[in-house]
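Enquirer: Questions regarding the structure given below will be posed in turn.
The values are calculated or read from the model by the stated rules, or taken from the named source; none is laboratory data. What you are looking at is a predicted structure, and each value in this text was computed from that prediction instead of being measured. Reconstructed Cβ throughout: ideal geometry from the backbone, glycine too, with neighbour counts over all protein chains shown.
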Amino acid sequence: MSWWLWVLLGLLLLAMEMLTPGGLFALFFGAGALCVAVVAALGAGPVVQWITFTVLSLLLLATLRSRLKGQLRTRAVAPVDALEGQEVVLLGDLPAGGVSQAELRGAPWTARAASGIPLCKGQRCRVERVEGLVLYVTALSREERSA
């Protein structure tokens with residue numbers, strides 16, 4: 001096979017890796033194909049090219065995949081239940097039965113009053129429950145605010 005076909009195959013496999021979620025298989029076969037392009041350009045025959053492609057791709061897969069997946073693995077995201085009990089600050093007045101914004105961990109969230117009592121902008125509240133992306137909050141007691 002001509003060297004430029006190996007380059008084309010390698011680029012196609014690398015593009016396929018980018019379009020597929022997290023398997024990290026085509027990446028190593030794409031890298032193997034690009035390396036075989038050099039071997040083909042040096043004049044190796046088709047049998048040598050295919051054996052080199054197979055051995056090199058499988059070797060890369062076996063040695064690098066687990067390490068690369070470990071480095072790319074995202075840290076575990078805290079479950080939404082972990083937000084219950086957290087303190088938030090209201091970014092606007094929260095009328096009874098209405099919706100406002102609250103800041104939690106530096107990000108704005110949609111907030112509703114869990115108790116049905118209106119709350120004021122700037123007031124510190126506690127998250128009672130989370131439904132989707134909506135925080136249901138109640139005002140902190142005086143003891144909690146002074147602590």
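Enquirer: Just to be sure I understand, how many residues within segment 119-147 are outside any strand (DSSP E or B) and at pLDDT below 90? Before the answer, list the steps.
Expert: Applying the first criterion (outside any strand (DSSP E or B)) to segment 119-147 yields 120-123, 132-133, 140-147.
If we keep only those that are at pLDDT below 90 too, we end up with 132-133, 140-147.
Residues in segment 119-147 being outside any strand (DSSP E or B) and at pLDDT below 90: 10 in total.
Enquirer: Looking at segment 130-140 only, could you name the residues that are closer than 14 Å to TRP109 by Cβ and either buried (at least 16 other Cβ atoms within 10 Å of the Cβ) or more than 25 Å from the chain's Cα centre (by Cα) (or both)?
Expert: Going residue by residue through segment 130-140, those that are closer than 14 Å to TRP109 by Cβ are 130-137.
Scanning segment 130-140 gives VAL130, LEU135, TYR136, VAL137.
Enquirer: Provide a single number: the residues in segment 1-12 that are surrounded by fewer than 16 Cβ atoms within 10 Å (Cβ to Cβ) and β-branched (Val, Ile, Thr).
Expert: Counting residues in segment 1-12 that are surrounded by fewer than 16 Cβ atoms within 10 Å (Cβ to Cβ) and β-branched (Val, Ile, Thr) gives 0.
Enquirer: If you don't mind, there's one more thing I want to ask. Note down all Cβ pairs under 7 Å where the first residue falls in segment 20-41 and is on the phi < 0 side of the Ramachandran plot, the second is among the hydrophobic types (A, V, I, L, M, F, W, C) and outside any helix (DSSP H, G or I), and they're at least six residues apart or on different chains.
Expert: ALA40/MET1
Enquirer: Within segment 13-41, can you find the residues that are exposed (fewer than 14 other Cβ atoms within 10 Å of the Cβ) and at pLDDT 95 or above?
Expert: Residues of segment 13-41 that are exposed (fewer than 14 other Cβ atoms within 10 Å of the Cβ), as a first pass: 15, 18-23, 38, 41.
Selection gives VAL38, ALA41.
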